[in-house]
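S.K.: Below are the structure tokens for one structure; questions will follow.
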Amino acid sequence: MIFGRSERGKPPVEPVTLKILVAGGFGVGKTTLVGAVSEIRPLRTEELLTEAGRPIDDTNGVEGKRTTTVAMDFGRITLREDLVLYLFGTPGQERFWFMWDELSEGALGAVVLADTRRLEDCFAAVDYFERRSIPFLVGVNCFEGAARYPAEDIRQALDLDEGVPLVLCDARDRESVKEILIGVVQHAMAYQADRRQTVAT
């Protein structure tokens, strides 16, 4: 099916558009995730890492990384004819965190990417969304050569609430990323429904 068209004889469907953030530490795979699934050419704001930034750019565990996102990544994916997601990848380095408040405005939910080699790097993102009551899912990006741990062990290490989904993923694989996005939409919808019910009672 072509985006914006419907079956013959039926009027075009006006899709619902939802905003999803992709957050996490430096070098965890946010830009890769957005690029793997976006149906448009992703907008990227990457700059080369420089010698001047070496003292504050911690590349331990991601020594091959040569660029960093300084504003955001942007992509789009149509999950169904009537449902389109806009993806906003946040910058991972602390000196660019001031962008998060603007990027999170109007977001339905978020994906927090984690790397078991640098698990502490995603603490700030987890804390950010918890404090602002933005529903999120943790996606553990399974890098080649990284140690594998049971999901429950990672959940305990991150001190996640029971209701926060945690899934293993490959940020390079389109189908894996689609499953994550479907999961965060479902989680966010359930979270909003629970809040409405709580307010109503």
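S.K.: Residue 185: net charge of surrounding residues, Cβ under 13 Å, Lys/Arg +1, Asp/Glu -1, itself excluded?
M.R.: Counting the neighbours of residue 185, the net charge comes to +1.
S.K.: Take the alpha carbon gyration tensor of segment 100-175, find the square roots of its eigenvalues, order them as a ≥ b ≥ c, and report rounded if a/c is under 1.5; if not, report prolate when a/b exceeds b/c, else oblate.
M.R.: prolate
S.K.: What shape does segment 67-201 have by the C-alpha gyration tensor, where a ≥ b ≥ c are the square roots of the eigenvalues, rounded means a/c under 1.5, and otherwise prolate means a/b greater than b/c and oblate the rest?
M.R.: rounded
S.K.: Net charge near residue 172: determine it from the other residues with C-beta under 14 Å of the C-beta of residue 172, scoring Lys and Arg +1 and Asp and Glu -1.
M.R.: Surrounding charge for residue 172 is -3.
S.K.: Right, next: Sequence-distant or interchain residues sharing an amide H contact under 5 Å with residue 136, placed H: which?
M.R.: The answer is 110.
S.K.: Gain in length, residue 198 to residue 130, computed as 0.36 nm per residue apart minus the alpha-carbon separation, to one decimal in nm?
M.R.: Gain on stretching residue 198 to residue 130: 22.7 nm.
S.K.: Taking H as built 1.01 Å from N, whose amide H comes closer than 5 Å to the amide H of residue 76, not counting residues under 5 places away?
M.R.: Counting only residues 5 or more places away or on other chains, the set is 39, 40, 87.
S.K.: Under the Karplus relation 6.51 cos²θ - 1.76 cosθ + 1.60, θ = phi - 60°, what is the ordered set of whole-Hz ³J(HN,Hα) values for segment 156-171, x standing for Gly and Pro?
M.R.: 5, 5, 8, 6, 7, 4, 4, x, 8, x, 9, 9, 8, 8, 10, 5
S.K.: Classify segment 81-143 as rounded, prolate or oblate, taking a ≥ b ≥ c as the square roots of the eigenvalues of its Cα gyration tensor: rounded when a/c is under 1.5, otherwise prolate if a/b is larger than b/c and oblate if not.
M.R.: Values: a/c = 1.76, a/b = 1.27, b/c = 1.39.
Taking the square roots of the gyration eigenvalues as a ≥ b ≥ c, segment 81-143 is oblate.
Rule-based calculations on the coordinates, nothing more; no lab input. What you see is a predicted model; the values in this text were computed from it and never measured. All Cβ positions, even for glycine, are placed from backbone atoms using ideal geometry, and neighbour counts span all protein chains on display.
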